[in-house]
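As structure tokens, the structure follows; a few thoughts come after it.
The values are calculated or read from the model by the stated rules, or taken from the named source; none is laboratory data. Given the structure is predicted, the values throughout are model-derived calculations rather than measurements. Cβ: placed from backbone, ideal geometry, glycine included. Neighbour counts: every protein chain shown.
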Amino acid sequence: MIFRTLFLGFALFTAAFTAGSQENTSEVYIVHTNDIHGHIKCYADGTGGFSNYCLYLKDLRAAGKCDILMDTGDLVHKGDFIDKNSGGEATFMLFDLLGYDAFIPGNNELKENFDQYLKFRELLKAPMLVINIKKGDDLIGDAPYVFLERKGIKFCIMGLSFCGDTEYLSSFKGWEDIVFLAPLEAVEEKVAEVRPFCDILILGSHNGTEFDRKVLGAAPEIDLLISGHDHARSSSVFKGDSGERIFEAGCYLTDLGHITLVIDDATKKIASGEQILVNIEKRTGKDPLGSKIRKLDKKYNKEGRKVIGVLEESLSGFADSAAFTAGCFIRATKAKCAVINDGTERELLRKGRITVEMVYMKSPYKNNVVVCEMTPEFFNKMKEDLRDKKNILFYGNPGDSGKISVAMDAFMADVLGLKAEDTGITVQKAQIDFLTGKK
């Protein structure tokens, strides 16, 4: 029933496009994902995950609704224990079975020793497309772009990988001679190189929609930009050169992006189109990946299945999740207050049984809890100075005299330039101990 409803939606917006366009047109369908972050297994409610997604793709292909399949990066890390304990290799192995046409590596593919990045390239048959990063004299991808012909229309897909914190990325082993090219110049150069040889030019970028607007400003010849990195969810209608041309499909494989392009057969240009986000609901049917995922879960998730507690209510948002973490830190350290970056909260714990794996998916970063000694005056001034930093949240009442202990993670203390005492308690253990009731 879900899938029938989905295709009723496809039929409605396709009919609307056809009615408003020339009679001689072709429809091309692009399916895209981004920022999957190792979310291989379904959620507790049965949604999401590679198995459901594989069944969606199977039906889309059978209906002729998937001509191009592409992903714009951050396939690995911060996910379930299959991804975590296989170093991302199991994720790439399963992803390869889905039959992608192109992959643009994100910053999480680059946050590896170079040999591990090469292992990812080896596991994936789809070309890794990179125009902006060199190691020595060579680009680090399989190619800067790929040409595809679909329904008599020549497409070119090129890949703009991450170009943010380049100093940090180049600190990993094997990346010492890495060169990050100026991204806008790299795009302009490759666009000029390929534009005469394709009808439709698509750029996949792992840099977020705000940066990608600058990319389109520098290279307006790009017909379509599939974005990633900032986990945005976009749904829009566009026509020719007007309107929105940047599309992204959220994160964690909760949705897939489905773009319908109506192409004028005479000019081979986009007459109109639309992206919709399709929620990856629980699916039934013969699952080609199910047995493989179960075997991998058995191999890599021995400790993650342990139930450590029960939540009476779901954490309703990331501020709520950060408050939960703050409470765990204060309990673990006996501190009076806590400071939390809600950007480290990657998943929301849901009502019901909580496993070790769920805690690591909520808080995936390797970090210890630390304690900083300060006066209430200093705490309040720090809070006031950082009031515009909406992601940094303060908890507890410091009082008005004496010295107080403030708990936070080691990374936060380093960012704030505070002297801190390491408790030796990991961020995850503080939460696990709270959930198990361990003193």
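In region 181-217, which residues are modelled with pLDDT under 95 and more than 21 Å from the chain's Cα centre (by Cα)?
Result: 216, 217.
Which of (1) part of a loop (DSSP other than H, G, I, E, B); (2) under 25 Å from residue 276 (Cβ atoms); (3) touching a residue at least 60 places away in the same chain (Cβ under 8 Å); (4) not hydroxyl-bearing (Ser, Thr, Tyr) does residue 148 not meet, given it meets every other one?
It is condition (1) that residue 148 fails.
Report, by residue number, each residue of region 68-91 that is surrounded by fewer than 22 Cβ atoms within 10 Å (Cβ to Cβ), under 23 Å from residue 157 (Cα atoms) and of a type outside the set (Val, Ile, Thr).
Once the filter is applied, which keeps residues that are surrounded by fewer than 22 Cβ atoms within 10 Å (Cβ to Cβ), under 23 Å from residue 157 (Cα atoms) and of a type outside the set (Val, Ile, Thr), region 68-91 yields only 69.
Exactly one condition in (1) at pLDDT below 95; (2) on the phi < 0 side of the Ramachandran plot; (3) surrounded by 18 or more Cβ atoms within 10 Å (Cβ to Cβ) is not met by residue 113; state its number.
Only one criterion is unmet by residue 113, namely (3).
For (1) in contact (Cβ under 8 Å) with a residue 24 or more places away in the chain; (2) under 29 Å from residue 114 (Cβ atoms), each residue gets a yes or a no:
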site	(1), (2)
31	yes, no
45	yes, no
54	yes, no
62	no, no
68	yes, no
86	yes, yes
96	yes, yes
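Here are 29, 100: which of them is outside any helix (DSSP H, G or I), outside the structural domain of residue 353 (by TED's automatic domain parsing) and in contact with a Cys (Cβ under 6 Å, 6 or more places away or on another chain)?
Values: 100 fails: in contact with a Cys (Cβ under 6 Å, 6 or more places away or on another chain).
The conditions single out 29.
For residue 360, which of the numbered conditions (1) loosely packed, with under 15 Cβ neighbours inside 10 Å; (2) assigned to a helix (DSSP H, G or I); (3) among the hydroxyl-bearing types (Ser, Thr, Tyr) fails to hold?
Failing condition for residue 360: (1).
With respect to residue 396, is the statement that it is over 19 Å from residue 341 (Cβ atoms) and not aliphatic (A, V, I, L, M) true? Before you say what the answer is, go through the steps one by one.
Working: over 19 Å from residue 341 (Cβ atoms): no; not aliphatic (A, V, I, L, M): yes.
No, not satisfied.
Quick check: is even one residue across region 332-344 without any contact (Cβ under 8 Å) to a residue 60 or more places away in the chain, farther than 30 Å from residue 413 by Cβ and out of contact with any Leu (no Cβ under 6 Å at 6 or more places or on another chain)? Break it down stepwise before answering.
The first filter runs over region 332-344 and keeps only residues without any contact (Cβ under 8 Å) to a residue 60 or more places away in the chain, leaving 342-343.
Then keep just the ones that are farther than 30 Å from residue 413 by Cβ; that gives none.
Taking every residue of region 332-344 in turn, none turns out to be without any contact (Cβ under 8 Å) to a residue 60 or more places away in the chain, farther than 30 Å from residue 413 by Cβ and out of contact with any Leu (no Cβ under 6 Å at 6 or more places or on another chain).
Report, by residue number, each residue of region 116-145 that is of a type in the set (Val, Ile, Thr) and either surrounded by fewer than 21 Cβ atoms within 10 Å (Cβ to Cβ) or part of a strand (DSSP E or B) (or both). Don't jump to the end; show me each part of the working.
Taking region 116-145 first, the residues of a type in the set (Val, Ile, Thr) are 130-131, 133, 140.
Once the filter is applied, which keeps residues that are of a type in the set (Val, Ile, Thr) and either surrounded by fewer than 21 Cβ atoms within 10 Å (Cβ to Cβ) or part of a strand (DSSP E or B) (or both), region 116-145 yields only 133.
When residues of region 110-123 are filtered for being touching a residue at least 40 places away in the same chain (Cβ under 8 Å) and among the charged types (D, E, K, R), how many remain?
Total satisfying the criteria: 3.
Being more than 30 Å from residue 406 (Cβ to Cβ) and surrounded by 18 or more Cβ atoms within 10 Å (Cβ to Cβ), is that true of even one residue in region 302-322? It would help to see each step written out before you state the result.
First, pick out the residues of region 302-322 that are more than 30 Å from residue 406 (Cβ to Cβ): 302-307.
With the extra rule that they be surrounded by 18 or more Cβ atoms within 10 Å (Cβ to Cβ), the set shrinks to 304.
Yes - at least one qualifying residue is present in region 302-322.
Any residue at all in region 71-94 that is part of a strand (DSSP E or B) and modelled with pLDDT of 95 or more? Outline the logic, then answer.
Just the residues of region 71-94 that are part of a strand (DSSP E or B), to begin with: 71.
From what's left, modelled with pLDDT of 95 or more: 71.
Yes - at least one qualifying residue is present in region 71-94.
I'd like to know if region 291-298 contains one or more residues that are surrounded by 15 or more Cβ atoms within 10 Å (Cβ to Cβ) and assigned to a loop (DSSP other than H, G, I, E, B).
Of the residues in region 291-298, the ones surrounded by 15 or more Cβ atoms within 10 Å (Cβ to Cβ) are 292-293, 296-297.
Still in the running and assigned to a loop (DSSP other than H, G, I, E, B): none.
Within region 291-298, none of the residues are surrounded by 15 or more Cβ atoms within 10 Å (Cβ to Cβ) and assigned to a loop (DSSP other than H, G, I, E, B).
What's the number of the only condition in (1) surrounded by fewer than 20 Cβ atoms within 10 Å (Cβ to Cβ); (2) touching an Asp or Glu at 6+ places or on another chain (Cβ under 7 Å); (3) not in a strand (DSSP E or B) that residue 405 fails to meet?
With (1) surrounded by fewer than 20 Cβ atoms within 10 Å (Cβ to Cβ); (2) touching an Asp or Glu at 6+ places or on another chain (Cβ under 7 Å); (3) not in a strand (DSSP E or B) applied to residue 405, the lone miss is (3).
Where in region 157-262 are there strands (runs of 3 or more DSSP E), lying fully within it, with 3 or more residues that are crowded, with 16+ Cβ neighbours inside 10 Å and of a type in the set (Ser, Thr, Tyr)?
Numbers: elements: 178-180, 200-205, 224-226, 236-239.
Here the list is empty.
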